[in-house]
1. Go over the candidates A:136, A:104 one by one and state the one that is assigned to a helix (DSSP H, G or I) and crowded, with 19+ Cβ neighbours inside 10 Å.
2. Within the group A:160, A:142, which residue is at the interface with another protein chain (Cβ under 9 Å from one of its Cβ atoms) and in a helix (DSSP H, G or I)?
3. On the given criteria, is residue B:470 surrounded by fewer than 17 Cβ atoms within 10 Å (Cβ to Cβ), assigned to a loop (DSSP other than H, G, I, E, B) and at negative phi?
4. Among (1) within 19 Å of residue A:151 (Cα to Cα); (2) within 11 Å of chain B (Cβ to nearest Cβ), there is one condition residue A:262 misses while meeting the rest; what is its number?
5. Which ranges mark the strands (runs of 3 or more DSSP E) fully within region C:67-134 that have 3 or more residues being surrounded by 15 or more Cβ atoms within 10 Å (Cβ to Cβ), within 14 Å of chain B (Cβ to nearest Cβ) and modelled with pLDDT of 85 or more?
6. How about region C:205-305: which helices (runs of 4 or more DSSP H) wholly inside it have at least 1 residues that are without any contact (Cβ under 8 Å) to a residue 24 or more places away in the chain, out of contact with any helix residue (DSSP H, G or I) (no Cβ under 8 Å at 6 or more places or on another chain) and under 24 Å from residue A:53 (Cα atoms)?
7. Residues C:379, C:368, C:347: which one is under 22 Å from the mean Cα position of the chain (by Cα), more than 7 Å from every other protein chain (Cβ to nearest Cβ), modelled with pLDDT under 90 and part of a helix (DSSP H, G or I)?
8. Output yes when any residue across region A:46-65 is away from chain C (no Cβ under 13 Å), at pLDDT 80 or above and either in a loop (DSSP other than H, G, I, E, B) or exposed (fewer than 14 other Cβ atoms within 10 Å of the Cβ) (or both), and no when none is.
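The values are calculated or read from the model by the stated rules, or taken from the named source; none is laboratory data. Not measured: the values here are computed from a predicted model. Backbone-built Cβ (ideal geometry, glycine too); neighbour counts: all protein chains shown.
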């Protein structure tokens, strides 16, 4: 995290004991001002996190008393999780378990979620573009559309029979039998869900754009003197300089990926869960249903901690790769 | 510093006040609700099934939208508020909601102590929403119309109505129907609606192909266009349905050169019966759980029914719409509205509104449908009967008021909800449970749908119950039930390896059953 | 600190080449880049157009293959009934010719559907369908209502049909009433308003505390605060929901509003980054004049920070407008309190067969954030740049 978010080094690490009266007053005042956050953090983050962990070693339903010590079952839930076909089953020839649903979706969603905003940022940062401000605003604008509305818009455009996408494909000569069924089709559902969420790129686009604008122009000039073409300038100047922003967005997308479930939840209020045929039973949707629908509080907590650990592992792994491709200006050797 | 603390606490206090101002239902639930775990294991296997399924895809706008089809009401001060939760069974259709609201208004004006509040939830998420409400101690008071699947999903949550029922006259019902609701949880309801099944057919599509209508009497044979008489079996139905499935060029599915990517009319659909248990039960009654109540199984007849369905959707001569068609061209999965499907095997739900949207979209055409006998599998009719009623959540704070309102719905309310009149057809396509109402119901239906001849065929459907019910108990019921619904969506969504997917389904089902132990 | 608007154009010098290349770069290259961006933007924003078009269609049009993309309906022809004769016509129904009796008076006064029928003489004529079969269709000519019926060999469904423009503005009226729009709009505003107050009164002091006071452990706490942004909320939701259930708050506004008074990480970070850029001299001057820290916050920091406070406000309002999950779980039993996103999803579940109404409802849902964006564009951009680039 320190790598990711630089902290200005302020103050010297004194201990409370050898503080002067002034420092002590500053300490008291500082703590008082940040106390709403400290209380909120303890009550709404730290305590629930620990409670989730405790619940995962118990056998509780929502209506049970969570303080009942007789409900402890040790590692039973974790053993059940390791055997849960609805989580793990890879089933290459059939509907997969929820973790693989999530990963299959992520294999498309993450690259698109990084490369598309990067491409658009490059485009709207291009000095040749007339009306840059207009384009920047317009590419960002759909980001503020509530997702419940935007998924209905995209689901409409992607409707297999009447959506404009398939009507265009048909007009371009694609035979009707080969038209994708998009959100109704187990073979196309993941690209379709990526499109449903495509209006969410505004944030990443703007952060990358800001990163590109922070690149000192003398670096480009130097590259030009060296005879670098536009691709080389991107690869050797722009990308390294914005790589921390890319990394920041990558971490955010990975965390968001494993928690993804609101889109299938809101979209399928009138359909079978995981429609079509379980292909959208994302890990977090399975978790949500386990707790909120089937009220299995302990198994839900187990799924939640397993998710937390998975995210932690993936994040740590990404941080390990960061030293090979993320470039921090302060660490020039 | 002090000032900030004061401002902060004032604001927090203010927001709490605003939240707490929300009326009675926002207050904590009684302790009984919080300590009652929904029992995972129900032991009763009801003999007769009930509807959890409603016409999911509703219909055109009512000609004069005087009441909002999407009501939201708040509780008035000084009244006992009773919430009526609709969604587990029939009742969420666009045509139905205004009439339900009207009955609620009638009740609210008929007395001044109780305020009935209508709560409409989409059928597909009704179990989910109710789970959340009950778990948080904010369950509704009256729940219904609800069938056996709904009751199995919430086993242990129903109020025993014995003390209240004992004060009213139950002799108006067939005693067998009253006995149905005397379960291990107590007397959980009074009979309200019964749903025999039948084969609904679109006369115009039969006419345009010159085919005879399906037999009106159970046991009769079907006369093919060439004059041969054949058994009215699922195989025969498939052959007829293929001849009625037409592409854009007027070729039907039995002809060479048929273009299966441009189909205009389909021969058959399961319509709102979008669950593998329903499809299976129409062939032969069975269950996904073995007699030991914990092993997942798939009856052979059900596999045959699913294969038949799969072939009908994805075969070379398809006659059942796939999901794309069902949801888009067929008016959101409503084959009656869409008017492009020749036959639908269904309980009577849609006798509320057997119409279709006219081409200019402004109004509805009168029914061009009639009712035929359900086909046979191995010489026998499978069939399916649903029964819906109202139930009361055991966490209710006002059981007497809830019962009074419920009793109103089941007696006075029946007139508008089930029987209806020529001017205002009944919104619930159900057969009334009260013996005295049945003649009036038939008379009203004959006026509302003059094109329908075979009402007797519908009543004859009462002879073909599914036993065990398609909605009978499975361990971890709501999760297992949801899995079955998901599996059905897979069958009509994409070409798959059905045998492998059945295997996956059975494995998952077993895992779901195991969780209950 | 990058608080400047990134809408400012960067000055990047371009080296020159030969003259033709220069001219290309001056005219053709910007034109093609702009054209490409325009096409891309058009594709990107296309669903808005789809929404507007679809929301004005009839229920029939949205379920008819081959219908135009603009709002239209079929014209119909009401048969005037001049011809009262009975005909026996030979038609082909599903592969075998049969005789069919047609009684013309049966069709008098009925609205008939119009098709463009190719005639044997090679021309096409608009005819009204009176009876259709798989292999033959029987029409009447609206121009000659007294004439004989015309048998055309072929399936009427294969014929093109005329459409006339007919936008259904009433869909918006229907949707307005159906979702009880004034009610859900009020609920959404209330939710956004109360939580915005919560965010402002809690995040501003916390950000002030982090940016202006030196004390041991502060930097560690700040890292903890930031890491909450990356913490999956899934891992806290179960006990939180259980807790609110046990104290009876579920089914009221409380679980939605009260937590907002305890400073969320994102907005605190945004404010703190801005406060860090403010010169300390003014605070110190105020301190010397005897102001306590609260007075400094109130009369020195806040007056300098309106841009970031507005940015936090607009972000938060848009966030609240977008929030689906919290109202869904906490207000599931209170339909009269639900905000618009929950109401729209529920409407979609109930009325899946009415895409035209769902599109109208989506428009009503996104209208307010869109207006807010147009009015406060600058602040959105600023806020994002503060959080994203200061790494």
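1. Exactly one residue qualifies, and that residue is A:136.
2. None of the others qualify; the one that does is A:142.
3. no
4. Unmet condition: (2).
5. Working: elements: C:76-78, C:86-92, C:97-103, C:111-118, C:124-132.
Ranges flagged: C:111-118, C:124-132.
6. Qualifying helices (runs of 4 or more DSSP H): C:218-230.
7. C:379
8. Of region A:46-65, the ones away from chain C (no Cβ under 13 Å) are A:57, A:59.
Checking which are at pLDDT 80 or above leaves us with A:57, A:59.
From what's left, either in a loop (DSSP other than H, G, I, E, B) or exposed (fewer than 14 other Cβ atoms within 10 Å of the Cβ) (or both): A:57, A:59.
Yes: one or more hits.
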